[in-house]
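The values are calculated or read from the model by the stated rules, or taken from the named source; none is laboratory data. The shown structure was predicted, so the numbers you read here are calculated from the model rather than taken from an experiment. Cβ sites come from the backbone with ideal geometry, for glycine too, and all protein chains shown count toward neighbours.
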Amino acid sequence: MLYILDLVKKILKFYNSTIGKKLVVATTGILFSLFLVVHFINNLIVFAGRDVFNKLVTTLEAVRPLIILIEIVLALIIFFLDVYGVKFTKPVRSFLNDVVYRVTFLASTPTRFLPQAGKDISSFFKVKEENERLKLELEKYKSLELNVEFLTDENKNLQKILETEYFNKNLSNIILAKVLVDKNSPFLKSIIVNKGSKHGAELGMAVLDKEYLVGKIVELNFTTSRVLLLSDLNSKIPVDILPNSIQSILSGTGKENGKIQYVKEETLIENENKVFTSGAGGIFKPGIPIGEIDKKQSNLEINVSFFSDFSQLRFVKLRSFSSEEN
């Protein structure tokens, strides 16, 4: 018993000495380092696969009492390092505190920036939605602007028609009609208008574009009519060529122009002579302008360029003439 007490006194004396304290710090430091290495290796086993990791867990469960003992020893090691290893633990503690503070700062970054980022994202989607809505509104107004432009142009064309002298003289003999554009129409040089017998249209009525003759009604329906254009091959009307007042027949060519036929004084006909209806046969009123002579030296035919462009007809006038006018 005295031997044991004497041994304890020697150990305490050695422990309280400078060498003893250094030895304790060195020993506990080595043990703590070994713990960190073993713990790090155990964590790396996760990457070895599920089976290896499950085997490790089973082994640790089997030696659980030993682990508790190791935890107690680890607590004592940390205690001795904290009490006697101030010079060693202070920089380590300072380093660990810096690491913890840095990690805490980084971890708290999302909590500071995410709310503002959420607001910015929400604002972005709102702006995008507003932009899409404004685009739709802009397209709508563009469409309305185009409609207004179309109606304005159509109104100008109607005003030009209303300002012609024929329209001002006798409203009862004139019917304003719109050309129905039908790309599948079987008629080569004919147009369909939206006025028929219901509106007072009659067979043989003259069809005018402004004050220029473009054709006559050859087919009458209840609400529509077919107009044979002057350029159609079946079109033949008596005309008067001025200034020499040469009587002849204007025939259609199936193209954009007409040609003069059955004329004796061809030498008197010159380029740019004007062609008017002659009134012969009582078909049309005399003096309606049609076109002008386009006489080419290389061609024996005497062509007529129409004043009106038949491919651009949109509105026409259906006109009947009284016996006095004819």
Hydrophobic (A, V, I, L, M, F, W, C), assigned to a loop (DSSP other than H, G, I, E, B) and assigned by TED's automatic domain parsing to the domain that holds ILE217: does that describe PHE284? yes
Any chance you could count how many residues in segment 242-252 are touching a residue at least 24 places away in the same chain (Cβ under 8 Å) and closer than 22 Å to PHE310 by Cβ? 2
Failed item in (1) more than 26 Å from LYS195 (Cα to Cα); (2) buried (at least 17 other Cβ atoms within 10 Å of the Cβ); (3) under 53 Å from the mean Cα position of the chain (by Cα), with SER278 passing the rest: (3)
Looking at LEU250, LEU208, which one is crowded, with 21+ Cβ neighbours inside 10 Å, assigned by TED's automatic domain parsing to the domain that holds PRO286, more than 44 Å from the chain's Cα centre (by Cα) and outside any loop (DSSP other than H, G, I, E, B)? LEU250
